[in-house]
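FYI, it's all coordinate maths here, none of it is from the lab. Model, not experiment: these values are computed from the prediction. Using ideal geometry, Cβ is built from the backbone for each residue, glycine included, and neighbour counts are taken over all protein chains shown.
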Amino acid sequence: MKKTTLLALVASMTVATMSRGQELRLNDLDYFERQGVNVLVFSNSFNGGFNDEKNSGIEIIHHGVRTIQGGAVRLNNTPEQWDLVPKMTSRKVDKATNSIEVGLRYDDYDFDSRIVVTAQGRGVEIAVWLDKPVPAALAGKAGLNLEFLPSQYWLKTFSMDGRLNRFPRYATSATVTRPNSEKPRQFKGFKTYDDRGTDRFVDPLPMESGHRIIMAADDAERMISISSADAELQLFDGRMLAQNGWYVLRSLLPAGKTGKVVSWTVEPHAIDGWVRQPNIGFSQVGYVPDQPKVAVIELDKNDPAQATASLVRIMDDGTEREAFRGNIQTWGPYFKYNYVKFDFSEVAQPGIYYIRYGNTKTNNFLIDEHVYDRITDATTDVWVPIHMNHMYVNEGYRTWHGEPFKEGYLQAPESDHFDLHAQGASTDTRFKPFELIPGLNVGGFFDAGDFDIETGSNINVVQNFVRTWELFHPERDETFVSQQQRYVDLHRPDGVPDILQFIEHGTLNLVAQAEQIGHMASTLSNSVLDNYHHLGDAASITDGLHYDPSLKPYEVSADGKRSGTPDDMWAFTTRNPQLDFRAATMFAAASRALEGYNDQLAQRALTQSKRLLSEATELMSKRQERTADADEFSWLDGTTTSDNSSEQSKRQARSRRNRSLLGDMGANLQLYGATHEKKYLDNFEKQIWDALELNVAANMQTALDAIPHENAAYLKKLRPYVEQYKAYIEGFDSNNPYGVPIGLGNWAGVNAVLNFGITVCFANLYFPDIIAKEHIYRTANWLYGCHPYHNYSFVAVVGAARPKAVFYGNNRADFSFIPGNVAPGLLFRKPDHFENFDDWPFLWGQNEGTIAGNTQYIIFGSAFKNQLKGSPAQGN
Ligand SMILES: [Ca+2]
Ligand SMILES: [Ca+2]
Ligand SMILES: [Ca+2]
């Protein structure tokens, strides 16, 4: 968003808020607002990639924290991620009546409803309207739900019709089981639960019910009262079915009725004159002495900026001394807050410091030459080896997981699957559906907080490791890896650089795919939804026994080797030549890195590289011919409509062709690196300049990657583009207060920030006279704490005084983290709210580290450390 538009927007909102006092009113961004309370009505609807993302419907941002969401007509007492979600069919904002109306629809049940939210004094009325009665199949199931964030409400009080109680820290409320036939359909007909052959599902019973509930009277920031004259309120604990469940308040819709069938009065308490505490963003890892040091301070729009701030030094004897006092500089508004900056760059003396701004003091941090020395160690020594699949992983006294998926992988049948996967009608292999594909249970890395092997991500992982190895040659050895024992031991050196072992581990699985399947699988993933959401030891996801459909479920064969439980993982094998092409370039790079360490695997990788390259090239050229034909037809089609759309379809076809032309530029460069065949470098050069003309930011990294293979003329030709790139970097200083690309998508934008950081480091390496060293700190600042919402490090990094405490890892049910994890970070919720929960790990879009992203972080960290030293790329 442009800064000028925002200025005007926020200014007008400020005036509006002040003049309207304590009443909840619709503001210019179409949500209800009073100081301390925002009520959003489907500003975010249920259309994320993964069904119920706990991010949608009616939401309440209460004193700056989004503690309530999921307000909608739902079909379950405590909806899980894979229960059906309503589609929003309309949204009407009516300023005159101070109301928002949304239409909701469940296609599966041909069921429509409307929710009308109307400002009513200090609160809102939420009403459900029906034009037709609830369908018979949903009577007693459809209800108005609203969900409350457990970590913000547990241990606080509630009273229902005057009966006192406390929100439980632990989920222990009562449940019943009911026949599966009574369970509303789940996502695509899958089941989230294993009923152990009972044909019954678990249904939580309410903790309380009544007509008026007051929650958190003991906490002014969380207090809210909800009452209903026409319906019974029931309070459930969603964690009974799923650890990521929320507390749910619910009223069933009455059967056989139309019109206004349920209404609630909802009044969130607001603290008079509440102003959010300043959030002082700074690097939790600290600063090197000659680094620019600028804290970005995020301020409530009703909080006037201080004139100065100071840096306080903690001396060796524990006493404190003001080391520096400087003026506050205004940056301006960005979405809902105002931003000012405090520049203390002139302090270079090594020491322990904290920032004091008004009455706010930060935790302490270091200024020292060595603060960044260990920023990749937790990721390489701990996070990555814990995500090695098909291995037993041990750390000291702790087993992270046993050896997973011993029974191997079955050929997936045709399936419109979950986790964005699918298997087409043809297997594209020599295997029949459900047949065991031998040899796939080796090597590879878990995708993220889940345990599948996403082939595309694993290709990136091997490439990231090869790149790290070739550029920085880290000899670090802190991990014991035995492929023979299928055993990994953390913090036990074994004489082999860990990065080589990670390259080997990734390559082992990908080569097995190419050899056994004939091409790359799209993914090796869970067959059933009820073990996809597995939390805990990966080795217990499946029973380790081959599935035998001739046995009954849960029955084990006499020899103990087979079972009737259909839990074996599936290989999704629909052929994608683009993926094969990417694999071919990765195999070429891996074979180069593995030579001299594991020559046999290097040879296998090279063999598959050559075969896949020629097959994929042929397949893609056939497909391109078909696409070109289709483009011709689409132009013809265009002539039957207006000239405009004809032009448009021509443009689209051209851009499609451009994309496919530019797509293999990086691959050609990698192939040149692997083979030194001139044709690949020629192909690269044919494309790179057009690509830079098209988008200098997106293609600068590839252009820089070519420099080691190129000559002085190439450098000279690249210079003006690097100058453009400099303008792109500096553009972020006016785009937002933090000077990095900030993503507004449904998955927070750490990957874009890491890409940016890597490119800036390499641009500084090759063109230090254009891209000054000061720019390399932008990404580090952001990652380690200088960002909106809070100032914790998004990376569980060694050296940070305050890393984030919870991440969405496979141990998320423990409200914990795996060292070295990198959170996606700052998630944007429409229309103006950024957040990163640090007491609730379960929102993947802000807290889930991925294997591709975390290995990308290793490149960033290595490149950044390299530039700090100011030496050419070598050593660690
Ligand atoms: Ca996955
Ligand atoms: Ca090692
Ligand atoms: Ca099994």
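For region 75-212, what class follows from the C-alpha gyration tensor (a ≥ b ≥ c being the square roots of its eigenvalues): rounded when a/c is under 1.5, otherwise prolate if a/b is larger than b/c, else oblate?
In terms of gyration-tensor shape, oblate.
With contacts defined as alpha carbon pairs under 8 Å and 6 or more residues apart, what's the relative contact order of the chain in percent?
RCO, the chain: 11 percent.
Apply the a/c threshold of 1.5 to the C-alpha gyration tensor of region 386-532 and tell me whether it is rounded, prolate or oblate.
Prolate, since a/c reaches 1.5 and a/b exceeds b/c.
Determine the calculated [θ] at 222 nm for the chain from helices alone, applying -39500 (n - 2.57) to every DSSP H run no shorter than 4 residues and normalising by the residue count; nearest 500 deg cm²/dmol.
After summing the helix terms and dividing by residue count, I get -9500 deg cm²/dmol.
Normalised by the residues of region 102-214, what does the relative contact order come to in percent, with Cα pairs under 8 Å and at least six apart?
19
Provide the packing ranking of 195-206, 756-767, i.e. peptides ordered by the mean count of other C-beta atoms within 10 Å per residue, highest first.
Per-residue mean Cβ counts within 10 Å order the peptides as 756-767, 195-206.
Sorted by average packing, counted as other Cβ atoms within 10 angstrom per residue and highest first, what order do 774-785, 366-377 take?
Peptide ranking by packing, descending: 774-785, 366-377.
Putting +1 on Lys and Arg Cβ atoms and -1 on Asp and Glu Cβ atoms, find which of PRO553, GLY281, ASN576 reaches farthest to the positive end of the dipole of the chain.
Going by the charge dipole, the pick is GLY281.
Once a ≥ b ≥ c are taken as the square roots of the eigenvalues of the Cα gyration tensor of region 295-419, is the result rounded (a/c under 1.5), prolate (a/b larger than b/c) or oblate (a/b not larger than b/c)?
Here region 295-419 falls in the oblate category.
Run through the DSSP bridge list for the chain and note the antiparallel percent, rounded to the nearest 5.
95
By how many nm would the segment from TYR714 to ASP682 grow when fully extended, if each residue of separation counts as 0.36 nm and the alpha-carbon distance is taken off?
10.3 nm
Where the only charges are on Cβ atoms (+1 Lys, Arg; -1 Asp, Glu), what is the dipole of the chain about its Cα centre, to the nearest 20 debye?
Using Cβ point charges on Lys, Arg, Asp and Glu, the chain gives about 1580 debye.
Could you work out the Kirkwood radius for the chain, taking every pair of different alpha carbons, averaging 1/r and inverting it, reported in Å?
Computed over the chain, the radius equals 29.6 Å.
Give a residue-ordered list of calculated ³J(HN,Hα) values for region 691-703 (Karplus: 6.51 cos²θ - 1.76 cosθ + 1.60, θ = phi - 60°; whole Hz; x for Gly, Pro).
For region 691-703, the Karplus curve yields 4, 5, 4, 5, 7, 5, 5, 6, 10, 4, 4, 4, 4 Hz.
Going toward the positive end of the dipole of the chain, with +1 on Lys and Arg Cβ and -1 on Asp and Glu Cβ, which of LEU233, ALA538, SER527 do you reach last?
The one lying farthest along the dipole's positive direction is LEU233.
So, in nm, how far is label LYS622 from label GLN329 when the simple model puts each one 7 Å beyond its Cα toward the Cβ?
6.0
For region 287-326 and region 77-107, write down the distance between their C-alpha centroids in whole Å.
The two parts, judged by their Cα centres, are 46 Å apart.
Out of HIS401, GLN411, ALA422, whose Cα points farthest toward the positive end of the dipole of region 391-430 (charges: +1 Lys, Arg; -1 Asp, Glu; placed on Cβ)?
Going by the charge dipole, the pick is HIS401.
Rounded to the nearest 0.05, what FRET efficiency do THR258 and VAL176 have when you use their Cβ-Cβ distance and R0 = 30 Å?
0.50
Once you've got the Cα coordinates, tell me which of LYS406/LYS610; LYS610/LYS679; LYS188/LYS552 are over 23 Å apart.
Check vs 23 Å cut-off fails for LYS406/LYS610; LYS188/LYS552.
Please report, in debye to the nearest 20, how large the charge dipole of region 729-867 is about its Cα centre when each Lys and Arg carries +1 at its beta carbon and each Asp and Glu carries -1 there.
It works out to roughly 180 debye.
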